[in-house]
Each structure stands twice: as structure tokens, then as C-alpha cells.
Amino acid sequence: MPFLPTPRLLSQLTNRAIIYSQNGDPSKVLTSLRYPELPPPASETVNIKFLLAPINPADINVVEGVYPSKPTEETSLTTSGKGSPEQPVFVGGNEGLARVTAIGNGVGDLKLDDWVVMTKPQSGTWCTSRNVHASDIIKVPWRHGLSQVHAATMTVNPPTAYNMLRDFTSLKEGDWIVQNGANSAVGQAVIQIAASKGLKTLNFVRNRDNIRNLVDDLQSLGATKVLTYDELSDKSLRTRLKEWTGERSISLGLNCVGGNETSLMARLLGNDAHLVSYGAMSKQPLSLPTSLFIFKNITSHGFWQTRWYQNRSPKEKYDVMKILVDLMVTGKLKEPRHEILYIAAHESDTEAGQKIKDAIRNMSEGQHGKKVLLRLESLE
Ligand SMILES: NC(=O)c1ccc[n+]([C@@H]2O[C@H](COP(=O)([O-])OP(=O)(O)OC[C@H]3O[C@@H](n4cnc5c(N)ncnc54)[C@H](OP(=O)(O)O)[C@@H]3O)[C@@H](O)[C@H]2O)c1
């Protein structure tokens, strides 16, 4: 017989988390769990309340157990009395915006109600409230006009786009880059950051019934050209490309898809160009024609924002975040297209769990087109 909490006990369980205790298909292993109010924070720690947390593709891979970055026992709910050291209860989510609700002794730079984001990977953001070490969060460099959606999505996709455009080759105004998965949140950020630097973008997306709407959307963000993968096999593409780019060859390619479409896209790169792979949405391996290395001297790289965070100083991280905030509040980097998945405090764990499973199933089917952001309401 399942444990059914009494109404009195339920009223004490003010918090909720979306959790899993073993890896597997998210539609099977994710559930909702309530837990009690947090005690006052110990020294060097703060209590935070999450306002919004995205469901990113990598979060699904973490739950499946196929992502190299894993949650640790430290970020599990075990310290809140759930699970055990042998079988910890992990909270999903890596990214999210939270508000500071209580501050322990010895925490210098934070005050109540400050907006913070996570710097520690896999902190478990799909929950209402957590106690975290002050060194595992960073205060958002807030400026008037910065929305919750901006702040909740600023630590993964925008810096990935920004760093890939900056770190592999030096690009100057008028230069061209090419990318696939151009309608992904990273792709949208690439388009906008590139446009803000005067760069031209050639963008590839999957074909769909309402492709014209998608092309219009991406062009309204600043995309120079938007094509479908089907057009990669069209012989006239090279001629059209020459007309668009003139004397300039494409010196940077960004890939989050893999598979044959990426092999074809790589052929559009010019001499000495760089191909940067940062995702594998098609789940197909990447294979590149040898001739590109011999005759065009192309370099193929990987990029992982998690590694970037591990290797960079707090100042470098803060500086990039500040640049991104400036782009956001000046309208040059818009909120990703999104929908908010709201789970009210009165909803049962079964209802909450089902909402999450449905959202993830929808995302996995592709062509969803919107970043899903989780807003979990706690009982005050
Ligand atoms: N390396 C890093 O540091 C880093 C950082 C951030 C993100 N990423 C990766 O970047 C990718 C995009 O992330 P995101 O958060 O921007 O994604 P997102 O907003 O959720 O969008 C997902 C994108 O993947 C495309 N897609 C889904 N299934 C596909 C398939 N079978 N073949 C081709 N395209 C497919 C979707 O196109 P449709 O609209 O056609 O479905 C959409 O463009 C993911 O692989 C993510 O893990 C990597």
C-alpha cells in the first residue's frame, strides 16, 4: 500500500523537487517529491528559492546516465532526510535562477532577495528551495530590464555561443560563419551575438510544414540566411553561397547535430577554417571527408561549457556574464523562445510527475521549438 501523507503532514512538506534515484528513461524514473522547510543555513551557506529552471537536452542525458557530468551525493536530497548515502535521491536540473532567502554566518557578498545562478554543475535546480554553499553560486549582475527568463537561461547556452564565436578563430565584421541546429537555444544565441558583432550567419535547420515561419523568426533575430538540411545536397548551393559571401570564405562552423548533414555542411567551410562540435542531437557519429584536412587544412574541435567553467577564473566567468547581461538588456540577445511549465503547490506528486514526463516526451519527439522552463510553487 503506497504511503499517503495526511493533510497535516502535507502542510509541513512545503518544498517540492523533481527527483530520480536511479538512471534511466526520464519518463520512467522521474518523480515528484515533497520535503520539509529548510532549517536556517549553516555558516558559509545560504538558503535559496528557485524561481525558474530550464529543462535542457543535457539534463535528460544526465537522468539517462549517459552524460559525463554527474550529480554528487553532496547535491542530492540526502541531507534533507530523503534517500540514503547508499541510494541518494538526486534532484534533476543543472541551470536555474534562484532568490536568496536566508544567509549563514561568514557569507560576505550576498543579501536577501539577491538573484543568483549556479556555478557548480549538476546542483539540482528542479526544486523549490535548497541550501547551497556560497561558493557554488554567483550573484547575477542585474541590470534594469533583465528578465527572470534571461537570468534562468544565462549560464549554459548564451556563454556557449559567445565563447565558440570568440575562442577558435578571430572573426571580423562582415565575416561568415555556418551552423546547424540553428533554431536551438544555442543557435538563436549564436545568431544574435554574431549579428551584434556584424558577422553574417548561414543557418541550417530541419525541414517542417511551417518552415517559412521558422525562417522569418530566425531572420528577425538577425540570421543572414536560413536553409534546410535538404538544401545541402542541392548542387546550386555553392553558386548561391559564392554570390552571398563574395570573396569571403566561411572560417567557422558550429555543429550540434552530427551525422551526414554535418559532413555535408563541413564542405562549405573555406581554407584554414575551424569546425566546432558541441552537441550530437541526431545521435549519429560525425564523419568528415579526409580531403577537408589535406586540401583545406580544416581543424575540428570540441567545445564543452562545463570544461570552460572548470578552467576559468571567477573574474573571467563574471566578465562573460556581464557582457551577456549587457546584450540582453539592450535587446541584442532576446529571451529564448520558451514556455513555462508551472506546477502549483496544491498539485499532487502524481500530477506533478506526469507534467514533467509529458514535457520531456514532447521535447524528445523534436520540433518542439521552445525551451521549457520549470516553475515550481512552494507552500509558503
Ligand atoms: N557543449 C556544450 O557546452 C553545450 C552547451 C549547451 C548546449 N549544448 C548542446 O547543444 C545542443 C542544443 O542545446 P539547446 O539547449 O540549445 O537545445 P534546444 O533549444 O532544446 O533545441 C534542440 C535542437 O536540437 C534539434 N534536434 C533535436 N533532435 C534532432 C535530430 N534528431 N536531428 C537534428 N536536430 C535535432 C532541434 O531541432 P528541431 O526543432 O528540428 O527539433 C533543436 O534545434 C544540445 O545537443 C545540447 O546538449 C552543448
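The values are calculated or read from the model by the stated rules, or taken from the named source; none is laboratory data. Predicted, not measured: the structure shown is a model, and the values here were computed from it. Positions of Cβ are generated from backbone atoms using ideal geometry, with glycine treated the same way; all protein chains shown enter the neighbour counts. With ligands, DNA and RNA removed, areas are computed over all heavy atoms of the protein, side chains included. Shrake-Rupley method; radii C 1.70, N 1.55, O 1.52, S 1.80 Å.
Here Asn210 and Val66 are evaluated by their C-beta separation; at R0 = 30 Å the FRET efficiency comes out at 0.40.
Computed over the chain, the range of Cα coordinates on each principal axis works out to 72, 47, 36 Å, biggest value leading.
Expected output is a single nm value to one decimal: the length gained when fully extending between Gln148 and Arg307, i.e. 0.36 nm times separation in residues minus the C-alpha distance. What is it?
Gain on extension, Gln148 to Arg307, equals 54.7 nm.
Using a simple spin-label model with pseudo-atoms 7 Å out from Cα toward Cβ, Lys242 and Gln12 lie 7.8 nm apart. Surface composition of the chain: carbon and sulfur atoms hold 51% of the protein heavy-atom accessible area at a 1.4 Å probe. Spacing of the modelled spin labels on Lys332 and Asp349, each 7 Å from Cα toward Cβ, amounts to 4.8 nm.
Calculate, in nm to one decimal, what Gln219 and Lys197 gain on full extension: separation in residues at 0.36 nm each, minus their alpha carbon distance.
Here the answer is 6.3 nm.
Contact order, relative form, for the chain: 18 percent (alpha carbon pairs under 8 Å, 6 or more residues apart, mean separation divided by residue count). What shape does region 157-306 take by its C-alpha gyration tensor, where a ≥ b ≥ c are the square roots of the eigenvalues and a/c under 1.5 counts as rounded, a/b above b/c as prolate, and the rest as oblate? Rounded is the answer for region 157-306, as its axis ratio a/c remains below 1.5.
Each of the peptides 126-135, 58-67, 303-312 was scored by the mean count of other Cβ atoms within 10 Å over its residues; in descending order, highest first, they stand as 126-135, 58-67, 303-312. The residues of the chain present an accessible area of 47 Å² per residue when probed at 1.4 Å with all protein chains retained.
For the pairs Lys28/Lys334; Lys70/Lys200; Lys49/Lys197; Lys139/Lys334; Lys197/Lys283, flag any whose C-alpha to C-alpha distance is greater than 25 Å.
Lys28/Lys334; Lys70/Lys200; Lys49/Lys197; Lys197/Lys283
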